[in-house]
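The values are calculated or read from the model by the stated rules, or taken from the named source; none is laboratory data. Everything numeric in this text was worked out from a predicted model, so none of it was measured. Cβ atoms come from the backbone with ideal geometry, glycine included; neighbour counts cover every protein chain shown.
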Amino acid sequence: MRSNIMLVGVPKEIKNHEYRVGLTPAGVRELSASGHSILVEQGCGAGVGFADADYLAAGAQIAADAAAVFAQADLIVKVKEPQPAECCQLRAGQTLFTYLHLAPDPEQTRLLLASGATCIAYETVTGANNSLPLLAPMSEVAGRMSIQEAAACLEKSKGGSGVLLGGVPGVEAGRVLILGGGVVGLNAARMALGLGADVTLLDRSLPRLRQIDELFDGRIKTLYSTQDAIETQLRSADAVIGAVLIPGASAPRLVTRAMLSLMKPGSVLVDVAIDQGGCFETSRATTHQEPTYEVDGIIHYCVANMPGGVARTSTLALTNATLPFVLALADKGAEAAMASDAHLLNGLNLYRGVLTVEAVAKAQGLNFTEPAEALSHGGLQVSA
């Protein structure tokens, strides 16, 4: 049952070549039907085909700029982590719901702590069987995109080795090495196999490797991931997909600079884990405008917001997953919604100036408080 009426704000994303939007007109209509007010920044959905008129028809109001949204809204719904100019507009008592990826970003952590806002991260909200339901849609998109981008980067005009991943009759297929068998790795494997590539996937979970082997009927080589296995496979790989994720923490470094010398010149590294710091030592975040660079003869693709390249698909996939949580936050209020849903509570990263994620605290040398304890200090009893 709804216990309060909330003003939900949707600012336009300001990261380079970021066109996604945190709420679609369909989501606005759902919130409006529940009695909530919605304020969206002018043009926030233009990049994915949603005009201001679409939002107005769904029940939203249009704000002239982001400052008006941040100043008035109780709940801010975004896509990407807030930039410094956005962090400074947040305030105590306000709730931010978006991707945060705090572990490799001490400045963002500092600014959000100083704001006193309640910050809930899509990537640490959990689901049944320890799943990450709000990360999964973008992981699906990024995994599938990784193969498209790797295939393009292998072209000679892009600095690659000139290998066609699918090969042709009489010529062997390109070899794709996928590090990690989670959602990203699985979707990368599906696309690579569809192109006709020779695919090898490494993971440290034997049950997961069995699942993948059964899913693809043995058409993908699966190997238990060790340093030796990675080094051996790098020697023959044309494209390497870094698809390793530790929820809320920095990604492990699986390929060192020294290991690049094992690879064939013009081979490609695609680091899907770059939002979490990257899983290659030589990775550094790039943009869709300038997506690649070369180190020791190896092409690196490390775009920090890969799904933003297919912004309409990504927006629809993401908002399908986030909308039920947005409705819960609006209907109940942030504290009550988290107190009644352990999965949403796991998404709490910062609360009233307190860090609530152990992995981030370890990465940045900070203190932290368990989410349930932080809420209880706020006077709320958390459901078991």
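When you look at Leu260, is it more than 25 Å from His17 (Cα to Cα), crowded, with 19+ Cβ neighbours inside 10 Å, without any contact (Cβ under 8 Å) to a residue 40 or more places away in the chain and in contact with a Ser or Thr (Cβ under 8 Å, 6 or more places away or on another chain), yes or no? Let's see the steps before the verdict.
On the way: more than 25 Å from His17 (Cα to Cα): yes; crowded, with 19+ Cβ neighbours inside 10 Å: yes; without any contact (Cβ under 8 Å) to a residue 40 or more places away in the chain: yes; in contact with a Ser or Thr (Cβ under 8 Å, 6 or more places away or on another chain): yes.
So Leu260 passes the test.
With respect to Glu155, determine if the residue is of a type in the set (Asp, Glu), closer than 26 Å to Val268 by Cβ and in the same structural domain as Asp271 (by TED's automatic domain parsing). Yes, satisfied. Counted as qualifying within segment 36-153 are the helices (runs of 4 or more DSSP H) with 3 or more residues that are surrounded by 16 or more Cβ atoms within 10 Å (Cβ to Cβ), namely 52-58, 66-72, 106-115, 136-153.
Yes or no: Glu107 in contact with a Pro (Cβ under 8 Å, 6 or more places away or on another chain) and more than 25 Å from Gln72 (Cβ to Cβ)?
Working: in contact with a Pro (Cβ under 8 Å, 6 or more places away or on another chain): yes; more than 25 Å from Gln72 (Cβ to Cβ): yes.
Criteria met by Glu107.
Looking across segment 294-309, the residues that are aliphatic (A, V, I, L, M) and in a strand (DSSP E or B) come down to Val295, Ile298, Ile299, Val303.
Yes/no per residue for (1) more than 18 Å from Ile147 (Cα to Cα); (2) surrounded by 24 or more Cβ atoms within 10 Å (Cβ to Cβ):
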residue: Phe216; (1), (2): no, no
residue: Ile230; (1), (2): yes, no
residue: Ile241; (1), (2): no, yes
residue: Thr286; (1), (2): no, no
residue: Thr292; (1), (2): no, no
residue: Thr319; (1), (2): yes, no
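Take segment 315-353 and flag every residue that is in a helix (DSSP H, G or I), closer than 22 Å to Ala103 by Cβ and not hydrophobic (A, V, I, L, M, F, W, C). Those that are in a helix (DSSP H, G or I), closer than 22 Å to Ala103 by Cβ and not hydrophobic (A, V, I, L, M, F, W, C): Thr322, His343.
The listed residues are Arg204, Arg208, and the only one of them that is of a type in the set (Lys, Arg), more than 16 Å from Glu149 (Cα to Cα), touching a Gly at 6+ places or on another chain (Cβ under 7 Å) and assigned by TED's automatic domain parsing to the domain that holds Ile298 turns out to be Arg208.
Of Val360, Val326, which residue is in contact with a Leu (Cβ under 9 Å, 6 or more places away or on another chain), more than 23 Å from Leu31 (Cβ to Cβ) and hydrophobic (A, V, I, L, M, F, W, C)?
Every option except Val360 fails the conditions.
Contact annotation: residue pairs with Cβ atoms under 8 Å, 6 or more positions apart or on different chains, pairing a residue in segment 238-256 that is assigned by TED's automatic domain parsing to the domain that holds Tyr301 with a partner that is basic (Lys, Arg) and not in a strand (DSSP E or B), are Asp238/Lys264; Ala249/Lys362.
Taken together, the criteria exclude Gly185 from residues that are more than 27 Å from the chain's Cα centre (by Cα) and not β-branched (Val, Ile, Thr). The single residue among Pro104, Pro25, Pro11 that is assigned by TED's automatic domain parsing to the domain that holds Val357, within 26 Å of Ala251 (Cα to Cα) and of a type outside the set (A, V, I, L, M, F, W, C) turns out to be Pro104. Checked against (1) touching a residue at least 60 places away in the same chain (Cβ under 8 Å); (2) in contact with a strand residue (DSSP E or B) (Cβ under 7 Å, 6 or more places away or on another chain), Ala363 passes all but condition (2). Here Gly278 meets the list (1) more than 21 Å from the chain's Cα centre (by Cα); (2) touching a residue at least 12 places away in the same chain (Cβ under 8 Å); (3) at positive phi almost entirely, failing just condition (1).
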